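Inspection log for the structure reproduced underneath, given as structure tokens.
The values are calculated or read from the model by the stated rules, or taken from the named source; none is laboratory data. Note that the structure is predicted; figures quoted are calculated from it, not measured. With ideal geometry, Cβ positions are generated from the backbone for all residues, glycine too; neighbour counts draw on all protein chains shown. We work out accessible area using only protein heavy atoms, side chains counted, and drop any ligands, DNA or RNA first. Shrake-Rupley method; radii C 1.70, N 1.55, O 1.52, S 1.80 Å.
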2 protein chains.
Amino acid sequence: MKKRRVKLEDIARKLNISIATVSRALDKNPRVKPSTREKVFKTAEAMGYMPNQIAKSLSSGKTNIIGVIIPRYDEPFFIEVCRGIDHYAREHNYKILISSSRNSFEFERENLISYERGIVDGIILSPTHETETFTHIRSIIGKGIPVVLFDNIKEEVSGADHVLIEDDKASYEAVEHLIKTGRKRIAFVGGIKEKKVFQDRFKGYLDAMQANQIEVLDELILHCKSLDREFEDTEINEFLSNLPEFPDAIFTCTDNYGLLTMKTLLKMGYRIPDDVAVIGFGDLGLGEVFVPSMTCIAQPSFEMGQKVAELLIQQFNEPVDKNHRKKVVKLKTELVLRDST
Amino acid sequence: MKKRRVKLEDIARKLNISIATVSRALDKNPRVKPSTREKVFKTAEAMGYMPNQIAKSLSSGKTNIIGVIIPRYDEPFFIEVCRGIDHYAREHNYKILISSSRNSFEFERENLISYERGIVDGIILSPTHETETFTHIRSIIGKGIPVVLFDNIKEEVSGADHVLIEDDKASYEAVEHLIKTGRKRIAFVGGIKEKKVFQDRFKGYLDAMQANQIEVLDELILHCKSLDREFEDTEINEFLSNLPEFPDAIFTCTDNYGLLTMKTLLKMGYRIPDDVAVIGFGDLGLGEVFVPSMTCIAQPSFEMGQKVAELLIQQFNEPVDKNHRKKVVKLKTELVLRDST
DNA sequence: TATGATAATACAAACGTTTGCATTTTTTTA
DNA sequence: TAAAAAAATGCAAACGTTTGTATTATCATA
């Protein structure tokens, strides 16, 4: 005894009216008489009617779903952005379909293509470090599917709005803070070189050093290669253990690098901030808990998510294809001073 | 010049064959001649055909989407479970639609109902602490939609498989470990009393204490009320500051409670583990980084996600409604010993 | 070379909505 | 009270697939 779903037809039959009227009644279309509308609502309720979203979508060409592609789940930054997206999206009656590209360009492409099957109204994407060419994104946009990018954008794509923070500027400020508080020998711990955000953060570091006439020493620079938490630990460990002369400050490009650095330093017996100062990037909650608490560049991740969603939904509502000019939104960061500096 | 999507009809027209044949050809149905199949594939490729998933879903009654409802995003445990779900789901050609109930029963219900509109093939849910009654879930199941629950399950729902860990047993072991290493005055820091997992973890604590004839002192027990990171900090702070006589160990019910506790202890000048030992619950990465590193009950979150997804997909493939007997899967935890004990 | 068997293809209904237009009913007006 | 105007409803096509059954084309057989 498989129970069949109630559909408009069932309500129509029971009330001896047409499907069209039922549909309009439920829509509160003024073209149907209040009294019939009432009847329809009551019967729908009584019969346990639930509209079929798929049929609706087919008919209307809208699914009210936003596809989100992030490089990985286990990075609080991305989750926080998703939370922001979700927040804005729900308010505007959209749901989010999340998938991870697992730091792989191929996966990113596949995910994108799968979304092209019409299951989402638009796409929010943060490119992986592997993403060098943006033709897959251009192709999607060419098909009229709205796209918004955030973070780590290497290439300008016309038609793709994007949201980012000024990584170089943020780093510059942080490093300058270190210099202003008397640090001279400042090390850099960054991430994989292929990733634009890390390039920019590195640039900020270099610029600040040069602007203050401090020599940049290769031996004080680490670009972590790993994409995995454990290996990051090892890399940082080795880096710090093999330094010829010790730095008096370390600027790191993520919260996690910062924490791992602090951990290693403490284990090696250094005092923070007396011997070494440390700065992290992101400020997603952990820096505050660590002892000593960590000075961080605070990135407005939640807001970034909201903004990204806002731009996308704007695109939905724009007159189609009025050769959409790309919008770029830059969000402000803030240096949050804590005990580590 | 809005570009229209290529559909089966376009291919059919171009090749002068019927839509049905095109559909079957793309399906590699043996009923179509190899030579036409080839032609169809070539033309489809050339015209840039992309199947319309919505139309497919309407026709087939399957969306290949799994709906996931978690109480909150900013809890690494839930994200890790989602990652597990996603992992298993993708392998089986399902995508996941995530939403947060924001710790509210009302939101949970709304989300559930919105999924009832046929946009998902099945639902994975972790109930909020507010969820006392399970009629909304029963109702969904009654409509033939597969549901699997995980974590924090207060009530047995026939037809709803679920996956959990034995919270009481895990806590028992942890507290026993403290006792065995000579701790006597053991404090408890738990979460909101309404949440089943916290009830169970508290029970484990009580049982272990009683089994070892240690008196349970109310003054050493804290049930945090807040659902927000910041307030947790304050609560724990106050609790620890106002203790008449200090404990020599603190068992905490989440990683975050553990870390906040350690932070506060260190700030108050206590040495860990010499003066006080601390244990956390979850082991989602942070406990290892903190100095001193934190002993934790490791919860297999990723595996939990995989298992949950597996159970759901199993339900999809089962002969419908053979009055499905509920399956309960219990996953093992492990006590990971580190510097804090 | 007609005849049946088999292979290949086409037709049309179905999935559950929405919506432009036609039709019917009700109300207003002269 | 008949005609015109307005309101309410109904019909049927459309959204892009899948799939059971009917039809046509091809082939082997006698």
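Taking the listed residues B:ILE153, B:ILE179, the one that is more than 14 Å from chain A (Cβ to nearest Cβ), within 18 Å of the chain's Cα centre (by Cα) and of a type outside the set (Lys, Arg) is B:ILE153, with no other qualifying. Test A:ILE123 against the stated conditions and say whether it is facing chain B (nearest Cβ under 10 Å) and touching a residue at least 12 places away in the same chain (Cβ under 8 Å). Spelling it out, it is not the case that A:ILE123 is facing chain B (nearest Cβ under 10 Å) and touching a residue at least 12 places away in the same chain (Cβ under 8 Å).
Here B:GLY182 passes the criteria (1) surrounded by fewer than 16 Cβ atoms within 10 Å (Cβ to Cβ); (2) assigned to a helix (DSSP H, G or I); (3) not assigned by TED's automatic domain parsing to the domain that holds B:VAL308 except the one numbered (2).
Criterion first (facing chain B (nearest Cβ under 10 Å) and touching an Asp or Glu at 6+ places or on another chain (Cβ under 8 Å)) does A:LEU260 satisfy it? Yes; evaluated as a whole, the condition is true for this residue.
In segment B:9-29, the qualifying residues are those that are exposed (fewer than 15 other Cβ atoms within 10 Å of the Cβ) and near DNA strand C (Cβ under 7 Å from one of its atoms), and the one that is farthest from A:ILE113 (Cα to Cα) is B:ASN16.
Counting only residues that are without any contact (Cβ under 8 Å) to a residue 12 or more places away in the chain and at the interface with chain B (Cβ under 9 Å from one of its Cβ atoms), segment A:89-103 holds 1 of them.
The criterion of at least 2 residues that are open to solvent by less than 20 Å² (accessible area, probe 1.4 Å), modelled with pLDDT of 95 or more and under 30 Å from A:SER104 (Cα atoms) is met, among helices (runs of 4 or more DSSP H) falling completely within segment A:210-293, by A:229-241, A:255-268. Would it be correct to say that B:LEU312 is modelled with pLDDT under 95, crowded, with 17+ Cβ neighbours inside 10 Å and under 22 Å from B:LEU164 (Cα atoms)? Judged against the criteria, B:LEU312 is not a match.
For segment B:43-63, the set of residues classified as more than 9 Å from chain A (Cβ to nearest Cβ) and either under 30 Å from B:SER100 (Cβ atoms) or within 8 Å of DNA strand C (Cβ to nearest atom) (or both) consists of B:SER59, B:SER60, B:LYS62, listed by residue number. Could we say that B:VAL40 is surrounded by 18 or more Cβ atoms within 10 Å (Cβ to Cβ), free of Cβ contacts under 8 Å to residues at least 12 places away in the same chain, more than 13 Å from chain A (Cβ to nearest Cβ) and over 30 Å from B:PHE107 (Cα atoms) here? No, not satisfied. Counted as qualifying within segment B:1-82 are the helices (runs of 4 or more DSSP H) with 1 or more residues that are more than 12 Å from DNA strand D (Cβ to nearest atom) and among the aromatic types (Phe, Trp, Tyr), namely B:34-47.
The number of residues in segment B:43-60 being open to solvent by less than 60 Å² (accessible area, probe 1.4 Å) and without any contact (Cβ under 8 Å) to a residue 12 or more places away in the chain comes to 4. Looking across segment B:77-88, the residues that are out of contact with any Lys or Arg (no Cβ under 7 Å at 6 or more places or on another chain) and either more than 8 Å from chain A (Cβ to nearest Cβ) or surrounded by fewer than 16 Cβ atoms within 10 Å (Cβ to Cβ) (or both) come down to B:PHE77, B:VAL81, B:GLY84, B:ILE85, B:HIS87, B:TYR88.
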